[in-house]
Every structure is written in C-alpha cells, then in structure tokens.
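Each remark here refers to the structure printed beneath this line.
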Amino acid sequence: MSTAIQKREEFVAERRSYLGASEMAAVLGVDEHKTALDVYNEKLGLVPLFEGNNQTKRGEKLENVAAQEYMEATGRKLQRRRVELVHPKYDFIRGHIDRRVVGDKRPVEFKCPSRGMFYKMKREGLPMSQIVQMQSYLWLDRSSVGDFGIFCSDVWEILPFEVEAQPELFEKIEHAAVFFWEEYVLKQVPPPTTKQDAPAIEFAKIPGEVIYREDPEFTEAAQLFREAKQLEKDSELLIELAKQKVKDAVGHKLGKYSGGGMRLAYYQQARTSFDKKGLAAAYPQIDLSQFEKRGDPFDVLKPIFASED
C-alpha cells in the first residue's frame, strides 16, 4: 500500500472517530444544509466524506489573505497554531482551532464565501451553523469570546463577527452530542429524519437502485453541476439585494426611472391563476381529468449535494 493511500485511510478513519465542532449544528438540527442523518451516514462510512471542490479550495487559498485583512481591520495580531480541543470526559467531542489572537485566548475562524452569500451574511448576520460551531470552540476551549472573519475576494471586504460565549448553550450541545454518538452512531441506529431530508425522500421515490460513480468523468461533471448551482444561488441572492437597494433608492415610489446605465419601470401587477380545486368543489359532476393534457417526456436532473463544512 502506498504512503498516500495509507495516510488517506488514516485520515478518513480519524474523521469518523469523533464529532467535530463544525458538525454540532447538524446534530442539534439547526444546520442550514446538513442533517444529523448526513453526519450519521458519514461516521458509519455509508457515504464518502466530502473532500472539497473549487469553492473549498478557494477558501483554503484565501485564508491567509483573510487573516491579513482581519488584522488590518481589527488591529489584532494573529498567531497560526493548530490546536486540537478534546472534551475532558467524552473524547469523541473535538474541535480544531487554527488561529488565536496574540496575547489573548480568543479563537478566530475564517470563511471565504461567494459574493451572494457574503452580502446575505452582511445583511442577516452569521448563519446558525457557524454560531454553533464557534460556541462549540468556546465551550471546549473555555474561552469567553471568539471571532469569525468573513472575507469576500470579489469585493475585497472582510466582516469581523464577534461571538460571545453563551454558557446556557454548552449543556445543550454536550447533551445532543453525547446522545447522538451513544444512541445512534455506536448502536448503528439512524437518527430520525427532519424536514431538511425532504429532497432525499422525493429522490428515493425514483425506481431502481442508486448507482455509485467514482470515476473521473462523473466526478468532474458532478463538481461542475455543483458549482453551477451555487452560481445560480449567488445570482438569485444578488438580484434580490439589488432590487431592494433600487426600491430604497427611489423611496419605494412606483414610476419610470433612468440613470446609471439603466432604464427602470417600477410598477405592480397581479397574477391570474386557475383555481382547479374551486371548480371541482363547485361542479363535482365534471370530470376535470378529461381536460388534462400530458406533454412529451423530458429529462429531469435533481442534484442532492454533500454538505460542506
């Protein structure tokens, strides 16, 4: 066995032997993209661990830049020193801190999201998954405060978010983590599904077995599809932000505007739809199915992507 393969197997085995701080939100059921069932499947080796894509690579390469921008914006100096935090009683609960503020115990974590997600976080604040992640760090590290540095290279801006420790959450995090590990992972009993699992339930209705593909051709196509869907999501976020800014700029007054290389028509309209259920209730004697038309079949691709840390 080659050294690279051996190291990879050791890495996978280690990742499956504990719960990390970035997985706590999913265990608690408050992660925006990942469920407790996703974590369970990864720990038991039922699905491959997510190894990253171009977006995660971008984050890794920009982390040093983000750290420099953070220091300039806050005046704090950072030291890079990877520290593994292990729960004193339950060694399967761990966290990994990459940076601390010099002369302080304050941990700092960096994220480098796309432009659309950056503006959303600027408008709405940190997502719950990141808040729980930092709270887990603070709990394991016995620290009172930590920071997230959210850096977007597209607009070259960093948002420092301060997260104060909330001791009342620590007991909840510990209880959820211990229960998940001992009752589900060790006993190999899948946790209950949640609303976030709905796409998987719909996906499972398709007849036939799941065909697993690990060949380069399919992997490359899957990564391209994932990146395209993320760009689509970013575009939707940016369009909604731009619409809101334009409405604010014109004082929410309907009319026609021109400027900035744009001509704008701002008006209201209502959609008209056909109430099929209402018609059926009013005239139950009519068989509406005889008026239905079925078009030619077409291809449908419904991707369900592995969640990122």
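The values are calculated or read from the model by the stated rules, or taken from the named source; none is laboratory data. Computed from a predicted structure; not experimentally measured. FYI the Cβ positions are ideal-geometry reconstructions off the backbone, even for glycines, and counts take in every protein chain you see.
What are the residues in the stretch 29-68 that are among the charged types (D, E, K, R) and in a helix (DSSP H, G or I), if any?
Start the filter on the stretch 29-68 by keeping residues that are among the charged types (D, E, K, R), which leaves 31-32, 34, 38, 42-43, 51, 57-58, 60-61, 63.
Once the filter is applied, which keeps residues that are among the charged types (D, E, K, R) and in a helix (DSSP H, G or I), the stretch 29-68 yields D38, E42, K43, K57, R58, E60, K61, E63.
Just so you know, in the stretch 250-269 the residues that are outside any strand (DSSP E or B) and small (G, A, S) include one that is surrounded by the most Cβ atoms within 10 Å (Cβ to Cβ), and it is G260. Taking the criterion of being assigned to a loop (DSSP other than H, G, I, E, B), modelled with pLDDT under 80 and not hydroxyl-bearing (S, T, Y), the residues of the stretch 182-229 that qualify are K205, I206, P207, G208, E209, V210, I211, R213, E214.
Could we say that R81 is more than 15 Å from F148 (Cα to Cα), of a type in the set (K, R) and touching a residue at least 12 places away in the same chain (Cβ under 8 Å) here?
Working: more than 15 Å from F148 (Cα to Cα): yes; of a type in the set (K, R): yes; touching a residue at least 12 places away in the same chain (Cβ under 8 Å): yes.
Yes, satisfied.
On the stretch given as the stretch 108-129, residues that are under 20 Å from K172 (Cβ atoms) and in contact (Cβ under 8 Å) with a residue 40 or more places away in the chain total 3. Residues satisfying the criterion are present in the stretch 233-250 (criterion: modelled with pLDDT of 85 or more and β-branched (V, I, T)).
So, in the stretch 69-98, of the ones that are of a type in the set (D, E, K, R) and in a strand (DSSP E or B), which residue ends up nearest to Y18 (Cα to Cα)?
Looking at residues that are of a type in the set (D, E, K, R) and in a strand (DSSP E or B), I get R94.
Please tell me if E109 is buried (at least 21 other Cβ atoms within 10 Å of the Cβ) and among the acidic types (D, E). The answer is yes for E109. The set of residues in the stretch 96-106 being in contact (Cβ under 8 Å) with a residue 40 or more places away in the chain and within 22 Å of R58 (Cα to Cα) consists of H96, I97.
Reported count of residues in the stretch 98-114, each being closer than 30 Å to K233 by Cα and touching a strand residue (DSSP E or B) at 6+ places or on another chain (Cβ under 6 Å), is 6.
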